[in-house]
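Beneath this line is the structure, given in structure tokens, with notes to follow.
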Amino acid sequence: MSNLKNLTAYRSWNRKYWLLAAALLLSVTVIEAKTYFIEKAVGQYLVWQNPGREKVGRQWQVEQKRLLAGTRLEKISKELRSREKAIAAIPDFPELMRQVLREKQLVLPAHHFIRLYHTLPFFLKEHVIEPDSLIALRLGDRLDNVILNREAEGIELVLLDAQSRIENILFISNELLQVFFKHGTSEVVDVTSDPRFAGRVFPFDRFWQSLSRLPKIMQNQFFEAMPELLTLAGPTAKVAISNKISEDLVEVAVAPDNFRAVIYYLPEDWIINFVSTLEYPWMQDEAQDIL
Amino acid sequence: MKRKIFYSIISGFAVVLLAVYAGFLWLATDLPHIPSDLRHLIYAQPTEVYADDGSLVYTLGGQRYVPLNKISPHFQKAVVAAEDGHFWQHHGIDKLAMVRAFYRTVFLGQTQGGSTITQQLAKNLFFTFKKRFSRKFKEILVALQLESMFSKEQILEAYCNLIYFGGTAYGIEDAAQQFFGKAAADLTLAESALLAGIINSPQALNPFSHPEAARRRQAVVLQRMKRRGLIDEATYAQALADTLVFSPRQRRSNDFIDHVLSLAIQRFGEEAVVFGGLKIYTTLDPDLQQMAEEELAVGLARLEAELDSTGMPLQGAIAVVSIPTGEVKALVGARQYLPGGFNRAVSQNRHVGSGIKPFIYYAAFEKLGLNPASVVMDTASVFYTPAGRRWMPRNFDRRYHGPMIIKAAFMQSINVIAAQLGYRLTPKVMKETLRRFGIQAPIPEVLPLALGTVGISPLEMASAYGIFARNGEYLPPIFIKRVEDINGIVLDRAFIVGEERLQPDISYQVLDMMRGVIEQGTGRSVRLSGFLAPAAGKTGTSTDYTDAWFTGTTTSLAASVWVGYDRNFRLYTRSGRGVTGGYGAAPIWANFMKRAVERYPARDFRKPPGVKQIIVDPKTGWPAAEPSEGMTVVVPEDYWPALPTDLPPRQWTPSTDSLQIIQNE
């Protein structure tokens, strides 16, 4: 009897708990169906965990590659900028030529090229390109870049338009390059004994007298072309004309003493004009001969 | 007893809960970090490839991003109806759909996706496409997190911008532009339903390759929209009846673009090209490219119909180069383009046969002092190489023609004469000459080089022939004009700088002989095909008819066509006739050029100073008695042909003139 009682009580207890569990499960299901509280709880937990998690997965890998790409392109762009800076820092045309000789090839935006072109004395400019040709190119918007190529016989300048088409090809021979490099530089030389100046060395006062016979405008050209003429003028100073003519340019030395001289290259016709002012006809003839 | 059972149940529950929690923790440990702004992770400036006319022809690696208000509401509704009907209700997962999918997968063996839009977004953002349960659970967890972090609108916006539509279309803006040539905001209901339908299977439902399947899927999407009350019956019927107007020009890759990208990768690295958002301005002429693709396909199909079946598809390649600039305007590397496939126009070096002769004759004129009117003897010749090897070249027609002027020998592509010239030049000089023409392929220093036993790509051939049209000026082939970075800074640019590599007068003499090839020589089929503009060219056929070439030039374009099999099968017609360059490749060249000259006019070639035109007897080189009997040749200005003697020229017959034995000195 007692066992039977126990069994009934157990069944009742069992049913009660199962019903309770089922009711609990049902209410959880209903609430979940209405509110999605489990998903939300899990979601919120994951959001809470989010800051500490690593950037892994497909799109993060792409992001990583994007970063790498950006770094690489930034590096290239930085190199280009530093190259542009280096080009912008080139002080004058001869230095540009030296750079081309070192680097084999250089590409210059037109405005940089023109800036450096203007650093040349006006009588040397036309040996690169006539200023009016350059103006014509600029006016027609036909000059965008200049490529400078080092070659065995000199430097080739390729003028390109915005579509990278060739507008003109210029050439600066090695001989002319030497003129650019040496013009206005000081050289250790005794003009009185150097054979290339033999017979054409003028004491400064005589040179000055002859020069003053030229029209004022021509005198100014000499002063402008040879700025050291005024600096080095003195009782021991001499001006010597060389027998070397490169590309219609005559080498002229302004020597403060017998140890050094500043070398210039002047147009041949200027020297002819100067020679015509010399006092003695034989000197004129001799001077003409060397030209 | 009661207690025992109770504790057992409680313990069981606890174990299950603990197991679920442990599993959850394990999966949650290596979940990805999710950014606070999904746009940051999705948007990427694509690398864009532009044609020479400024049109955008290809994009790579990028992902456009448009806000939800710039996406057509039709599409928003359609995509929800097609992919996730309960999107606006659930919190990341659709439990019923998951149970259904699980049941069907496990018990019925059917594959059915139960993924919500949020789950798909999670998958596309962070996971691979490998089917694993662990991946699926992680995807669910990320979806739950996404739902907790972002609004439904933000999730839908990210999804629309990330999802793949096939081809190169990632995201709705890209898809709308590529398929319909319009912005995502302007999509109609019918267009929206079609695009929303594609997502399910972008390849199989592509409206270009599978239009019927795409329309069926569109109908399904519209049906779902109607069932969910998103559209009414009349709108549904109207959308079904709407005619879809697809964008005429699809941005798709071709061999030209593949090559451009490989060049850019060489220069900047793969990451920079794919993910750097570069702007690559190329020399491509899309119209010319299309013409080349079409004419090659038509020409190969025509030829294949006449050939003995080999079981392999007949292949071909075309390269087209601009004469004034050296820019490559079109490139076809296969009969049918395959992304990343073998590019025969650039990478393949096949024997060029007689196509090499213009270079050899140029060298002979320059080094040996010959000219097109010089008389040579076509007779059986045996050559002994320094190694003592015997070589006896034969002519195509297996006959010898006796004395003839060089132009006639060139036009008839006489092998014996080319071999004689090659012998006199030496293999070393021939190789040096080919290098002057810009040919970079490996060149063996052997005597048969004179007959084209060297592999050269169609691109190099076209570029090299272009030098003749420029009277000796070499321009390197250019594909990329300019590359800009994301900020518009020019990273690289090409400069067109020519180099005088040949003597203009000699170059023009060879060019004139090449004109003769088209007018009366082995390339007559060019004229027979109806191409009548001024042009010069040369056929090429390799030993045993494995390769057929025609390379030719006008004043505007140089093009080279190669035809052959990948496995070096011989090209024989069913009647047993070998396919020559004149028969197999020249008609393709001519048909392409007929269309190309409408855009790139062909004028008369410019005659340089130092040459003149005379008419001579093609056998004797003497001034022709009657102009109609003579052959017009271009010779150096100071050249005077020998005057006829009183005696008539000796009659030459193969039987009386003995074999020439030419020993290496």
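The values are calculated or read from the model by the stated rules, or taken from the named source; none is laboratory data. The model shown is predicted, which means the values in this text are computed figures rather than measured ones. Glycine gets a Cβ as well: all are built from the backbone with ideal geometry, and neighbour counts include every protein chain shown. Quick note on the areas: whole protein, heavy atoms, side chains included, nothing else; ligands and nucleic acids left out. Shrake-Rupley method; radii C 1.70, N 1.55, O 1.52, S 1.80 Å.
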Query raised in the report: Residues of segment A:131-177 being aliphatic (A, V, I, L, M), over 24 Å from A:TYR265 (Cβ atoms) and assigned to a helix (DSSP H, G or I), which ones?
Result: A:ILE135, A:ALA136, A:LEU137, A:LEU139
Report summary line: With criteria (1) within 10 Å of chain A (Cβ to nearest Cβ); (2) under 22 Å from the mean Cα position of the chain (by Cα), B:GLY466 comes up short on (1)
Report task. Just need a number here: residues in segment B:329-349 that are surrounded by fewer than 24 Cβ atoms within 10 Å (Cβ to Cβ) and not in a loop (DSSP other than H, G, I, E, B). Result -> 0
Report summary line: How many residues of segment B:3-32 are within 12 Å of chain A (Cβ to nearest Cβ) and either among the β-branched types (Val, Ile, Thr) or in contact with an Asp or Glu (Cβ under 6 Å, 6 or more places away or on another chain) (or both)? The answer is 5
Query raised in the report: Mind checking whether some residue in segment B:366-385 is crowded, with 24+ Cβ neighbours inside 10 Å, assigned to a loop (DSSP other than H, G, I, E, B) and of a type in the set (A, V, I, L, M, F, W, C)?
Result: yes
Report task. Output the qualifying pairs, or none if there are none: Cβ atoms under 7 angstrom, residues six or more apart or on different chains, first residue in segment A:186-199 and farther than 11 Å from A:VAL254 by Cα and assigned by TED's automatic domain parsing to the domain that holds A:ILE241, second residue at pLDDT below 90 and of a type in the set (D, E, K, R). Result -> A:ARG196/A:LYS244; A:GLY199/A:GLU286
Report summary line: Filtering helices (runs of 4 or more DSSP H) wholly in segment B:95-171 for at least 3 residues that are of a type in the set (S, T, N, Q) gives B:117-126, B:133-149
**Report entry** For B:VAL15: the one exception among (1) open to solvent by less than 30 Å² (accessible area, probe 1.4 Å); (2) closer than 30 Å to A:ASN14 by Cα
**Finding:** (1)
Query raised in the report: Taking the stated definitions as given, is B:TYR170 at pLDDT below 90 and closer than 20 Å to B:PRO73 by Cα?
Result: yes
Query raised in the report: What pairs come up if the first residue lies in segment B:69-80 and is assigned by TED's automatic domain parsing to the domain that holds B:SER192, the second is outside any helix (DSSP H, G or I) and surrounded by fewer than 24 Cβ atoms within 10 Å (Cβ to Cβ), and their beta carbons are under 6 Å apart, counting only those six or more places apart or on different chains?
Result: B:LYS77/B:LEU230; B:VAL80/B:PHE87
Report task. Could you tell me whether segment B:36-59 includes any residue that is facing another protein chain (nearest Cβ under 10 Å), surrounded by fewer than 18 Cβ atoms within 10 Å (Cβ to Cβ), small (Gly, Ala, Ser) and not in a strand (DSSP E or B)? Result -> yes
Report task. Report yes if some residue within segment B:526-535 is buried (at least 19 other Cβ atoms within 10 Å of the Cβ), more than 14 Å from chain A (Cβ to nearest Cβ) and hydroxyl-bearing (Ser, Thr, Tyr); otherwise report no. Result -> no
Query raised in the report: Mind checking which residues of segment A:84-100 are aliphatic (A, V, I, L, M) and surrounded by fewer than 16 Cβ atoms within 10 Å (Cβ to Cβ)?
Result: A:ALA86, A:ALA88, A:ALA89
Query - Filter pass, B:ARG424 being more than 14 Å from chain A (Cβ to nearest Cβ) and surrounded by fewer than 18 Cβ atoms within 10 Å (Cβ to Cβ) - result: yes
Report task. Find the helices (runs of 4 or more DSSP H) located wholly in segment A:1-88 whose residues include 2 or more that are out of contact with any Phe, Trp or Tyr (no Cβ under 6 Å at 6 or more places or on another chain) and either basic (Lys, Arg) or in contact (Cβ under 8 Å) with a residue 60 or more places away in the chain (or both), and list them. Result -> A:2-35, A:58-88
Query raised in the report: In this structure, is B:ALA184 out of contact with any Cys (no Cβ under 9 Å at 6 or more places or on another chain) and among the aliphatic types (A, V, I, L, M)?
Result: no
Report task. Looking only at segment A:100-110, decide whether some residue is more than 14 Å from chain B (Cβ to nearest Cβ) and over 21 Å from B:ASP492 (Cα atoms). Result -> yes
Report task. Answer yes if at least one residue in segment B:395-411 is assigned by TED's automatic domain parsing to the domain that holds B:ALA464, open to solvent by 10 Å² or more (accessible area, probe 1.4 Å) and polar (S, T, N, Q), and no otherwise. Result -> no
Requested in this report: Give the residues of segment B:118-155 that are within 38 Å of the chain's Cα centre (by Cα), open to solvent by less than 40 Å² (accessible area, probe 1.4 Å) and more than 10 Å from chain A (Cβ to nearest Cβ), sorted by residue number.
Outcome: B:GLN120, B:LEU121
Requested in this report: Could you check, for segment B:73-82, whether at least one of its residues is within 11 Å of chain A (Cβ to nearest Cβ) and among the polar types (S, T, N, Q)?
Outcome: no
Report task. Just name the residue that is nearest to B:TYR65 (Cα to Cα) out of those in segment B:180-189 that are open to solvent by 10 Å² or more (accessible area, probe 1.4 Å) and part of a helix (DSSP H, G or I). Result -> B:ALA185
Query raised in the report: Of all the residues that make up segment A:30-57, how many are closer than 16 Å to B:LYS138 by Cβ, within 7 Å of chain B (Cβ to nearest Cβ) and open to solvent by less than 70 Å² (accessible area, probe 1.4 Å)?
Result: 10
